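Student: Below is the structure I would like to discuss, written out as structure tokens.
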Amino acid sequence: MYRDLDARIIRVLQEDGRASLREIAQRLGVSTTTVSKRLQRLLDSGIIKGFKPVLDYEKLGYPITAITQIKAKGNRIPEILEALRADPNLTHVYEITGEFDLLVIGKFKDQDSMNREIKRLLGHPAIEHTNTSIVLSVVKEDSPVGS
């Protein structure tokens with residue numbers, strides 16, 4: 001019965017991050033104490049890092065999503081990552097395999113702010129070149145893993 005309880009708790013929280021311990025327990029047919037203990041283990045182990053809202057960036061005034069692949073000069077990836085971490089417009093930063101070294105996803109208020117960001121990236125001395133695509137429509141985003 002408890003074999004997959006952690007996964008089931010995670011699934012409920014991915015559907016509704018504001019669900020109470022009591023609600024989760026009722027949905028899963030276990031005690032509130034059991035859910036509380038399992039949830040605390042998931043937090044302590046770092047499997048669940050925290051709780052945050054899922055945002056509608058367009059309604060927040062950021063209708064443009066851009067995906068940029070970045071090729072670093074030599075072994076200067078750490079230098080680039082430091083600069084990318086500080087950028088408030090970037091929502092995701094990944095180190096990747098393949099032709100490019102990094103992939104970043106950014107949310108922008110308008111085309112001008114996106115262009116400034118791309119030019120800023122191109123001006124970074126550790127960046128060899130970039131390839132940017134603009135998202136035309138969102139088909140799937142912020143979906144739970146394994147669902």
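The values are calculated or read from the model by the stated rules, or taken from the named source; none is laboratory data. Worth saying up front: this structure is predicted, and the values here are computed from it rather than measured. Virtual Cβ from ideal backbone geometry, glycine too; neighbours counted across all protein chains shown.
Student: Give the range 88-147 a look and list any residue that's under 13 Å from the mean Cα position of the chain (by Cα), part of a loop (DSSP other than H, G, I, E, B) and buried (at least 16 other Cβ atoms within 10 Å of the Cβ), or say none.
Tutor: Across the range 88-147, the qualifying residue is only ASN89.
Student: Report, ordered by the first and then the second residue, all pairs with beta carbons closer than 9 Å, sequence separation of six or more or different chains, a first member in the range 12-39 that is closer than 21 Å to PRO144 by Cα, and a second member that is hydroxyl-bearing (Ser, Thr, Tyr) and not in a helix (DSSP H, G or I).
Tutor: GLN14/SER143; GLN14/SER147; GLU15/SER147; ALA25/SER31; ARG38/TYR2
Student: Look at LYS37 and say whether it is loosely packed, with under 15 Cβ neighbours inside 10 Å, under 15 Å from the mean Cα position of the chain (by Cα) and not small (Gly, Ala, Ser). Give the derivation first.
Tutor: Working: loosely packed, with under 15 Cβ neighbours inside 10 Å: yes; under 15 Å from the mean Cα position of the chain (by Cα): no; not small (Gly, Ala, Ser): yes.
Here the answer is no, as LYS37 does not meet what is asked.
Student: Does GLY74 satisfy the criteria of being at pLDDT 95 or above, exposed (fewer than 15 other Cβ atoms within 10 Å of the Cβ), of a type in the set (Gly, Ala, Ser) and not in a strand (DSSP E or B)? Quick ask: steps written out before the conclusion?
Tutor: Details: at pLDDT 95 or above: no; exposed (fewer than 15 other Cβ atoms within 10 Å of the Cβ): yes; of a type in the set (Gly, Ala, Ser): yes; not in a strand (DSSP E or B): yes.
It is false that GLY74 is at pLDDT 95 or above, exposed (fewer than 15 other Cβ atoms within 10 Å of the Cβ), of a type in the set (Gly, Ala, Ser) and not in a strand (DSSP E or B).
Student: Let me ask another. Against the definition (of a type in the set (A, V, I, L, M, F, W, C), out of contact with any Ser or Thr (no Cβ under 7 Å at 6 or more places or on another chain) and closer than 29 Å to ILE10 by Cα), how does LEU55 come out, yes or no?
Tutor: On the way: of a type in the set (A, V, I, L, M, F, W, C): yes; out of contact with any Ser or Thr (no Cβ under 7 Å at 6 or more places or on another chain): yes; closer than 29 Å to ILE10 by Cα: yes.
So LEU55 fits the description; yes.
Student: Of the residues that make up the range 42-60, is at least one among the basic types (Lys, Arg), touching a residue at least 24 places away in the same chain (Cβ under 8 Å), assigned to a helix (DSSP H, G or I) and outside the structural domain of LYS109 (by TED's automatic domain parsing)?
Tutor: Looking through the range 42-60, none of the residues is among the basic types (Lys, Arg), touching a residue at least 24 places away in the same chain (Cβ under 8 Å), assigned to a helix (DSSP H, G or I) and outside the structural domain of LYS109 (by TED's automatic domain parsing).
Student: Which one of these is among the basic types (Lys, Arg) and either in the same structural domain as ASP16 (by TED's automatic domain parsing) or in contact with a helix residue (DSSP H, G or I) (Cβ under 7 Å, 6 or more places away or on another chain) (or both): ARG116, ARG120, ARG38?
Tutor: On the way: ARG116 fails: either in the same structural domain as ASP16 (by TED's automatic domain parsing) or in contact with a helix residue (DSSP H, G or I) (Cβ under 7 Å, 6 or more places away or on another chain) (or both); ARG120 fails: either in the same structural domain as ASP16 (by TED's automatic domain parsing) or in contact with a helix residue (DSSP H, G or I) (Cβ under 7 Å, 6 or more places away or on another chain) (or both).
From the options ARG116, ARG120, ARG38, the qualifying one is ARG38.
Student: Out of ALA19, ALA25, ALA86, ALA66, which single residue is in contact with a Phe, Trp or Tyr (Cβ under 9 Å, 6 or more places away or on another chain) and either in the same structural domain as SER113 (by TED's automatic domain parsing) or of a type outside the set (Phe, Trp, Tyr) (or both)?
Tutor: Working: ALA19 fails: in contact with a Phe, Trp or Tyr (Cβ under 9 Å, 6 or more places away or on another chain); ALA25 fails: in contact with a Phe, Trp or Tyr (Cβ under 9 Å, 6 or more places away or on another chain); ALA86 fails: in contact with a Phe, Trp or Tyr (Cβ under 9 Å, 6 or more places away or on another chain).
Among ALA19, ALA25, ALA86, ALA66, only ALA66 is in contact with a Phe, Trp or Tyr (Cβ under 9 Å, 6 or more places away or on another chain) and either in the same structural domain as SER113 (by TED's automatic domain parsing) or of a type outside the set (Phe, Trp, Tyr) (or both).
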